[in-house]
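Contents: one structure, followed by commentary.
The values are calculated or read from the model by the stated rules, or taken from the named source; none is laboratory data. As the structure is a prediction and not an experimental result, all values here were calculated from the model. Positions of Cβ are generated from backbone atoms using ideal geometry, with glycine treated the same way; all protein chains shown enter the neighbour counts. The area values use the complete protein model at the heavy-atom level, side chains included, leaving out ligands, DNA and RNA. Shrake-Rupley method; radii C 1.70, N 1.55, O 1.52, S 1.80 Å.
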Amino acid sequence: EEPAVTIVERLKDVATYEGEDAVFECRLSQETAQDAQWFLGDVPLQSNEMNEIRVQGTRHSLILRKVTLEDCGSVSFKVGQLSSAA
């Protein structure tokens, strides 16, 4: 059984201008096989032309491309029972 994962570096609030990219990063205590999921409000995000989701070891990143006013809101990252929001 793998030891419990913790969030070492939580999400930070990001302020950006319309048309720019917003970057969110979260770091875990270890690499995990558990599924991590990003949300904008209550909507789960997938990696596509508007959202880029990256995992590099323990660092999980979300890039919202060319944000609009509609993208304003809470971004959250969840893995297992843990979550962090900005």
In segment 51-73, the residues that are touching an Asp or Glu at 6+ places or on another chain (Cβ under 9 Å) and in a loop (DSSP other than H, G, I, E, B): GLY57, THR58, ARG65, LYS66, VAL67, THR68
Subset of segment 18-54 (residues that are within 19 Å of ALA85 (Cβ to Cβ) and of a type in the set (A, V, I, L, M)): ALA22, VAL23, LEU28, ALA36, LEU40, VAL43, LEU45, ILE53
Top-ranked residue in segment 1-20 [being part of a loop (DSSP other than H, G, I, E, B) and β-branched (Val, Ile, Thr); ranked as least open to solvent (accessible area, probe 1.4 Å)]: VAL5
Of the criteria (1) touching a strand residue (DSSP E or B) at 6+ places or on another chain (Cβ under 9 Å); (2) at pLDDT below 95, which one THR68 fails: (1)
Scan of segment 30-45 for residues that are at pLDDT below 95 and among the polar types (S, T, N, Q), ordered by number: GLN30, THR32, GLN34
Residue satisfying all of: in segment 22-45; open to solvent by 70 Å² or more (accessible area, probe 1.4 Å) and part of a loop (DSSP other than H, G, I, E, B); nearest to ARG59 (Cα to Cα) among these: GLU31
Tally, over segment 64-84, of residues that are closer than 22 Å to THR6 by Cα, surrounded by 15 or more Cβ atoms within 10 Å (Cβ to Cβ) and within 12 Å of the chain's Cα centre (by Cα): 7
Residues satisfying the stated conditions in segment 18-59, i.e. within 23 Å of CYS72 (Cα to Cα), in contact (Cβ under 8 Å) with a residue 40 or more places away in the chain and not hydrophobic (A, V, I, L, M, F, W, C): GLU18, GLY19, GLU20, ASP21, GLN37
